[in-house]
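Below is one structure; the comments refer to it alone.
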Amino acid sequence: MPVPYVLDNTLGAAFVGLVAASTLHGVSLVQAWYYYTHQNDLWRIKLLVAAVVTFDTIHQILITHTVYWYNVTNWGNPPALELIVWSMLVEVIFNGLTALLVQGFLTLRVWRLSNRHKLLTGVVVLLILGEFVAVVAYTAIGFQLKTYAELGKLESLSILVNALAAAGDVLIAAALCTLLHLSRTGFHRSDTMINKLMLFAVNTGVLTSVCAVASLISIVVAGKTFLYIAFFFCIGRLYTNSLLATLNARKRIRSAGTAIHTPTDISVSMRDFPTSPSVGKRRPTNISIKIDTTQEFATDAKQEYADLEKAETVSSSTRDIEAKEVESV
């Protein structure tokens with residue numbers, strides 16, 4: 001196999017992954033700055049964001065060291081390219097920690113919105129913990145190996161990590177969308193807010209799961225290359241950006257739900273009618289207009305009471321959804 005081709009799908013793939021991860025890390029730092037300057041959350045949420053950004057930054061440093069060690073420090077030293085540098089293994093742990101925190105945060109939302117459904121939440125927790133245990137096992141075993149030829153023995157463990165990550169993300173997104181859909185009331189404010197929340201739930205799960213699946217396919221199809229590393233380097237960044245985007249968008253989501261459509265008050269003044277004896281003949285028309293325009297919105301006392309009661313139900317439902325969103329964070 002020609003040497004340039006080997007470098008393209010090994011060190012070249014790692015370099016491309018580093019560039020993509022660095023770009024996403026810059027986006028996450030901007031989002032973190034916006035979060036701390038525009039959001040006023042409880043200390044535990046601020047601590048969560050700080051931990052996620054810190055782990056993400058450490059991971060960025062580690063993968064930079066990995067690519068630098070191979071492409072610069074050991075440039076022109078082919079035997080060194082067969083060795084596993086320590087940072088290549090440690091970065092897996094920090095990727096796993098980032099995924100654990102973000103998925104744990106989203107699992108808490110599932111727990112709140114499902115009214116503490118133990119079976120659903122339990123399955124999600126098992127997937128998340130299983131993924132992290134696999135990550136720790138991969139790193140621990142990897143430190144006992146010296147070359148990439150030996151690391152190939154852990155291909156099945158790499159597949160398991162990515163498969164659990166994708167399964168967990170898809171299940172969380174599906175659970176959130178289903179629970180939010182079941183919370184629909186048929187009224188503008190609550191449904192608008194629910195639609196926005198569903199959109200963010202889908203985006204959170206799709207981006208990370210697609211990246212995990214791409215990494216999984218790369219391992220299976222081209223396990224002896226670094227193609228999967230190009231995707232794996234970016235997974236942690238996608239988790240971080242998904243979390244920050246969700247937190248930063250809450251005010252916009254809630255404000256979008258306040259645009260309630262209200263009936264237009266139609267009034268007709270007497271000057272709209274000719275001042276002639278025919279006014280009396282037109283009076284029924286005036287009455288007819290008022291009946292037609294107000295009948296839909298219930299003018300009689302009984303229907304007004306029903307509407308008020310219905311509006312209160314909608315308002316209560318909206319408050320419940322908002323309360324669960326606040327509780328979840």
(request) Determine the relative contact order of the stretch 3-259: mean sequence separation of Cα pairs under 8 Å and six or more apart, normalised by residue count, in whole percent. (result) 29 percent
(request) Measure off 7 Å from each Cα along the Cα-to-Cβ vector at residue 184 and residue 153, then give the distance between these two points in nanometres to one decimal. (result) 5.4 nm
(request) Take the alpha carbon atoms of the stretch 1-82, find their radius of gyration, then divide it by 2.2 N^0.38 Å using N residues; give the quotient. (result) 1.50
(request) Starting from the exponent 0.38 and prefactor 2.2 Å, build the expected Rg for the stretch 3-259 from its residue count and divide its actual Cα Rg by it. (result) 1.08
(request) Could you tally the net charge around residue 241, taking each other residue with its Cβ under 15 Å from the Cβ of residue 241, Lys/Arg +1 and Asp/Glu -1? (result) -1
(message) Cut-off is 10 Å between beta-carbons; in what order do 7, 243, 126 appear when sorted fewest neighbours first?
(response) 126, 7, 243
(message) Using a Förster radius of 41 Å, what is the FRET efficiency between residue 174 and residue 136 based on their Cβ-Cβ separation? Nearest 0.05, please.
(response) 0.95
(message) Quick check: pseudo-label points 7 Å beyond the Cα along Cα→Cβ at residue 206 and residue 72, how many nm apart are they?
(response) 3.8 nm
(request) Just subtract the alpha-carbon distance of residue 54 and residue 117 from 0.36 nm times their residue separation and send over the number in nm, one decimal. (result) 19.5 nm
(message) At a threshold of 8 angstrom on Cα-Cα distance, excluding pairs fewer than six apart, so keeping six or more, what relative contact order does the stretch 1-154 reach in percent?
(response) 23 percent
(message) Let me check I've understood the local charge: for residue 34, count other residues with C-beta under 14 angstrom from its C-beta, Lys and Arg +1, Asp and Glu -1. What total comes out?
(response) +3
(request) Report the FRET efficiency, 1/(1 + (r/R0)^6), for residue 221 and residue 195, where r is their Cβ-Cβ distance and R0 is 35 Å, rounded to 0.05. (result) 0.40
(request) Please work out how much length the chain gains when fully extended from residue 42 to residue 143, using 0.36 nm per residue of separation minus the C-alpha to C-alpha distance, in nm with one decimal. (result) 32.5 nm
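Rule-based calculations on the coordinates, nothing more; no lab input. A quick note: this is a predicted structure, and the numbers were derived from the prediction, not measured. All Cβ positions, glycine included, derive from the backbone under ideal geometry; neighbour counts span all protein chains shown.
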